[in-house]
Structure formats: structure tokens, C-alpha cells
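See below for the structure under consideration.
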Amino acid sequence: MLKVGLTGGIGAGKSEVSRLLVEQGAVLIDADRIAREVVAPGTAGLAAVVDAFGEGVLAEDGSLDRPRLGSIVFADAEKLAVLNSIVHPLVGARSHELEEAAAEGSVVVHDVPLLAENGLAPLYDLVIVVDASPETQLDRLVRLRGMTEEDARARMAAQATRDKRLEIADVVIDNDVPLEALQRRVRDVWADLVRRARGASE
């Protein structure tokens, strides 16, 4: 098994790269998706979040109001740290379970938005960073996700700097390019990952 950490700044296009890797045959463990599962209604995770931030972070149906919670934590580093201390251990435990279930010889890609911020690079055999300029990130967040520019800049500022992410990269995928060029790059990276996985299992 080859354990790959995949990360990138918000709006860099990491989700598109993970989708392309899955098309090639990767086993994807998506930390964001798991983070939503561990705070679903009825979970201990959601109870802990409400305990820390109050009933105001719940939507009318009892689920977590993620935009409301985001507006609280992304402008306050201490509150973000509290949220992370609740969610990250739960995500880590579930990710480990999914990894253990993968077939021998698999390329397991962990899609981890905060890989650089949390010093997680040593957990993986290889780290892939999806890179895009801050201007591209901002444009995508405002144009494609409907964020205000102020909100988008706050989300970007809450993450590691571009330089910090690139420091931990074994492989960089440039996503300031047309989709066809990105697809070619991902195919090349996948071929390399498969070679490495074979080497690791021999």
C-alpha cells in the first residue's frame, strides 16, 4: 500500500485532482467528507461542537449549520483551534479504519485540506500539493462558490501559506492551467504512484 497525502489551499482545485485520481484507480479517503460524518445529527462529535459553541450553530433541522460555524471560527484562531481539537481526532480514527480496509497494493489517497497546518506530512509516504496562485483561488471562491471577497480572504488567511504547503510537497500539481493540461499531469503522477506502490509491496 502507498499512503499519499493530498492537500492544497482552498480554491486551488484539490477536489478536482482527487476526482481524477479516483478515475485512475486511487482509493480516496476524504477528510472533509469524514469531518461532516463525525458531526452528523446524533453523533458525539456534534454534541461536543454544540457544547463548545452553543445551540446557535445548529440549523432548524438539528444538523450543523456549517456556514454559521465557519463565520465564527475562521475569523478567530482560538475558536478554530477548539473546533479542530474536537473534529480532528474523530476524523483521524475514521480515516485509519478506512485505510485498514483498502486492498493490499492500493494507492490510498488521503484528501486532507489542513495537512500542512497540522504537521501531518510524516504520516504519508508521499505528499502531493495542488497549487494555484492566490489570485486564482480568490477568483474561484467568489465566482464558483459564491463567497464574498472578504469571506474568501478570511478562509485563505486561516490556512497555511502557499510557501509552507510547497515546502512539504514531494509532488506539485500546478492547477493554474486548463483542464486538459491538469488531466495530463494527473495521469503522469498516477503512473508514478503505481510504480511506487508496486515497489513498496515487493
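The values are calculated or read from the model by the stated rules, or taken from the named source; none is laboratory data. These numbers come from a predicted model, not from an experiment. Neighbour counts are summed over all protein chains in view; Cβ atoms, including those assigned to glycine, are modelled from backbone coordinates with ideal geometry. Surface areas here come from the heavy atoms of the whole protein model, side chains and all, with no ligands, DNA or RNA. Shrake-Rupley method; radii C 1.70, N 1.55, O 1.52, S 1.80 Å.
Taking first residues from the range 131-143 that are open to solvent by 50 Å² or more (accessible area, probe 1.4 Å) and partners that are among the polar types (S, T, N, Q) and modelled with pLDDT under 95, the Cβ contacts under 9 Å between residues at least 6 apart in sequence or on separate chains come to V142/T148.
Please pick out the residue among L6, L20 that is touching a strand residue (DSSP E or B) at 6+ places or on another chain (Cβ under 6 Å) and at pLDDT 95 or above.
Numbers: L20 fails: touching a strand residue (DSSP E or B) at 6+ places or on another chain (Cβ under 6 Å).
So the residue among L6, L20 that is touching a strand residue (DSSP E or B) at 6+ places or on another chain (Cβ under 6 Å) and at pLDDT 95 or above is L6.
Yes/no per residue for (1) in a loop (DSSP other than H, G, I, E, B); (2) over 12 Å from D111 (Cα atoms); (3) β-branched (V, I, T):
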residue: L6; (1), (2), (3): no, no, no
residue: V22; (1), (2), (3): no, no, yes
residue: D51; (1), (2), (3): no, yes, no
residue: D61; (1), (2), (3): yes, yes, no
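Restricting attention to the range 1-28, the residues that are open to solvent by less than 10 Å² (accessible area, probe 1.4 Å) and free of Cβ contacts under 8 Å to residues at least 60 places away in the same chain add up to 0. What do you reckon, is V189 within 21 Å of A26 (Cβ to Cβ), crowded, with 18+ Cβ neighbours inside 10 Å and touching a helix residue (DSSP H, G or I) at 6+ places or on another chain (Cβ under 6 Å)? When the stated conditions are applied, V189 does not pass them.
If you go through the range 144-161, how many residues are buried (at least 16 other Cβ atoms within 10 Å of the Cβ) and under 16 Å from the mean Cα position of the chain (by Cα)?
Initially, the range 144-161 is screened for residues buried (at least 16 other Cβ atoms within 10 Å of the Cβ), giving 147, 151-153, 155-156, 158-160.
The next check asks that each one be under 16 Å from the mean Cα position of the chain (by Cα); those that pass are 155-156, 158-160.
Counting residues in the range 144-161 that are buried (at least 16 other Cβ atoms within 10 Å of the Cβ) and under 16 Å from the mean Cα position of the chain (by Cα) gives 5.
Let me confirm something: among V49, V82, which residue is out of contact with any His (no Cβ under 8 Å at 6 or more places or on another chain) and either open to solvent by less than 50 Å² (accessible area, probe 1.4 Å) or in contact (Cβ under 8 Å) with a residue 40 or more places away in the chain (or both)?
Values: V82 fails: either open to solvent by less than 50 Å² (accessible area, probe 1.4 Å) or in contact (Cβ under 8 Å) with a residue 40 or more places away in the chain (or both).
Answer to the check: V49.
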